[in-house]
Amino acid sequence: MSGNRFGHTFTVTSAGESHGAGYVGIVDGTPPGLALSAEDLQRELDRRRPGTSRHVTQRRESDTVEILSGVFDGRTTGTAIGFLIRNEDQKSKDYGDLVDTFRPGHADYAYWRKYGVRDHRGGGRASARETVVRVAAGAIAKKWLLERYAIQVRGHMTQLGPIEIGFRDWSEVGSNPFFAADNRCVPQLEAFMDELRRDGDSCGARIRVVASGVPAGWGEPVYGRLDADLAAAMMGINAVKGVEIGAGFASVTQRGSEHGDEMTPQGFASNHAGGMLGGISTGQEVVVSIALKPTSSIRIPRRSIDRAGHPVEVATTGRHDPCVGIRAAPVAEAMMAIVLMDHALRQRAQNADVVLPIAAIPTAIGPTST
């Protein structure tokens with residue numbers, strides 16, 4: 001299967017299926033000398049791990065990662081970093097009814113039309129479980145970006161179904177199962193999810209990812225735009241149906257006098273552009289939001305067809321996330337970090353000798369993304 005490699009200078013390759021033996025990742029382009037251990041990757045994997053609350057799939061996976069190559073005496077060697085994450089809790093019999101039928105809204109039908117064969121167990125390659133590779137690779141990128149440039153990449157949920165979630169403080173994101181930056185909304189979110197689970201239905205979510213400390217000048221002007229690469233990375237996440245950069249679709253109703261971020265010697269007055277202009281970073285926070293669709297595997301019977309084209313009714317049993325967006329923040333963070341590290345290395349390769357007569361202006365003097 002093609003299409004399993006992402007990036008240019010810093011690249012990530014993945015292999016594996018939801019109910020196969022496990023997932024293998026290969027990360028190439030990491031500079032030598034970075035202190036790296038399995039624990040660095042495990043911390044991020046534990047954030048997206050299933051079974052961590054009653055609101056997500058109860059599949060019990062430790063997601064234990066084993067580094068196979070590219071690290072010697074605790075530091076990266078500059079060669080490809082290979083790692084393995086084994087599957088431990090597959091229940092393939094739950095998918096026996098899907099051998100000849102297709103779930104509405106799932107990739108079942110599209111995979112079958114493309115390849116003429118598909119792994120129906122848990123969605124096979126189309127399963128959101130594939131994101132373990134991205135999160136592990138993103139952990140490497142996040143550590144390098146933090147140590148080399150003091151860049152922080154953080155994400156939080158801003159909407160669950162119809163419920164909008166405000167921003168209070170980054171410190172609250174890790175203290176609730178929804179990655180919400182305001183703990184006061186958690187009881188309402190829990191009640192909504194309990195109702196959704198009783199109904200056998202699912203919902204979508206909105207996630208916002210912010211990178212602070214990104215220097216000005218990263219990105220290419222036309223075909224390698226930083227915003228375009230970020231959009232492609234986010235759209236490549238399972239279930240993502242929309243991507244916004246900065247103000248995003250809200251810019252439709254803004255006037256130019258409002259949307260254009262004014263600059264002063266003291267800094268930018270706003271950040272509607274999301275930290276990028278002309279596809280190149282401005283030094284402001286890089287802000288991306290994604291919309292994730294409702295989970296397609298639900299208990300409510302729905303119309304579909306079988307491989308012979310006959311009408312059937314499909315109701316999916318087994319263990320599924322009623323909202324895949326609940327565990328999406330670490331995945332979106334990982335993809336942003338991977339893109340930023342890729343562009344950092346590309347910038348260093350071409351423009352390391354660029355020297356300007358003035359320092360970059362401060363990031364903001366007015367409202368920021370947070």
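Selection of the stretch 228-242 for residues being in contact (Cβ under 8 Å) with a residue 40 or more places away in the chain and either outside any helix (DSSP H, G or I) or touching a Phe, Trp or Tyr at 6+ places or on another chain (Cβ under 9 Å) (or both) yields Ala233, Gly236, Ile237, Asn238, Ala239, Val240, Lys241, Gly242. Specify the residue that is modelled with the lowest pLDDT; the eligible residues are those in the stretch 63-77 that are in a loop (DSSP other than H, G, I, E, B) and closer than 19 Å to Gly138 by Cβ. Once the filter is applied, the top-ranked residue is Asp63.
The condition of being over 26 Å from Ala216 (Cβ atoms) and at pLDDT 95 or above holds for only one of Leu146, Leu160, that being Leu160.
For the stretch 322-342, name all the residues that are closer than 10 Å to His156 by Cα and under 8 Å from the mean Cα position of the chain (by Cα). Answer for the stretch 322-342, where residues must be closer than 10 Å to His156 by Cα and under 8 Å from the mean Cα position of the chain (by Cα): Ala328, Ala329, Pro330, Ala332, Glu333.
Go through the stretch 133-180 and report how many residues are part of a helix (DSSP H, G or I), within 16 Å of Met335 (Cα to Cα) and of a type in the set (Val, Ile, Thr).
Looking only at that region, the number is 3.
Of the residues in the stretch 102-114, not one is touching a residue at least 40 places away in the same chain (Cβ under 8 Å) and buried (at least 23 other Cβ atoms within 10 Å of the Cβ).
Which residue, of Ala291, Ala231, is under 30 Å from Thr101 (Cβ atoms) and in contact with a strand residue (DSSP E or B) (Cβ under 7 Å, 6 or more places away or on another chain)? Testing whether each residue is under 30 Å from Thr101 (Cβ atoms) and in contact with a strand residue (DSSP E or B) (Cβ under 7 Å, 6 or more places away or on another chain) leaves just Ala291. In the stretch 200-222, the qualifying residues are those that are of a type in the set (Val, Ile, Thr) and at pLDDT 95 or above, and the one that is farthest from Gly242 (Cα to Cα) is Val214. The one condition from (1) surrounded by 22 or more Cβ atoms within 10 Å (Cβ to Cβ); (2) outside any strand (DSSP E or B) that Leu345 does not meet is (1).
Looking only at residues of the stretch 7-19 that are surrounded by fewer than 18 Cβ atoms within 10 Å (Cβ to Cβ) and not β-branched (Val, Ile, Thr), we find that the one that is nearest to His320 (Cα to Cα) is Ala15. Scanning the stretch 189-227 for residues that are at negative phi, part of a loop (DSSP other than H, G, I, E, B) and in contact with a His (Cβ under 7 Å, 6 or more places away or on another chain) yields a single hit, Trp218. If you check Arg225 against the conditions, is it closer than 29 Å to Val135 by Cα, out of contact with any strand residue (DSSP E or B) (no Cβ under 7 Å at 6 or more places or on another chain) and at pLDDT 95 or above? Criteria met by Arg225. For the stretch 243-276, a residue qualifies if it is surrounded by fewer than 17 Cβ atoms within 10 Å (Cβ to Cβ) and assigned to a strand (DSSP E or B), and the qualifying residues are Met263, Thr264. For the stretch 134-186, filtering for residues that are under 15 Å from the mean Cα position of the chain (by Cα), over 19 Å from Val286 (Cα atoms) and among the charged types (D, E, K, R) leaves 1.
Filtering the stretch 283-306 to residues that are of a type in the set (Val, Ile, Thr), at pLDDT below 95 and crowded, with 19+ Cβ neighbours inside 10 Å leaves Thr295, Ile298. If you go through the stretch 131-187 and keep only what is touching a strand residue (DSSP E or B) at 6+ places or on another chain (Cβ under 8 Å), aliphatic (A, V, I, L, M), crowded, with 16+ Cβ neighbours inside 10 Å and free of Cβ contacts under 8 Å to residues at least 40 places away in the same chain, you end up with Ile165, Ala180, Ala181, Val186. Considering the stretch 30-55, and only residues there that are at pLDDT 95 or above, buried (at least 18 other Cβ atoms within 10 Å of the Cβ) and assigned to a loop (DSSP other than H, G, I, E, B), the residue that is nearest to the chain's Cα centre (by Cα) turns out to be Thr30.
The values are calculated or read from the model by the stated rules, or taken from the named source; none is laboratory data. Everything numeric here is computed off the predicted structure, so don't read it as measured data. We place every Cβ from the backbone using ideal geometry, glycine too, and count neighbours over all the protein chains shown.
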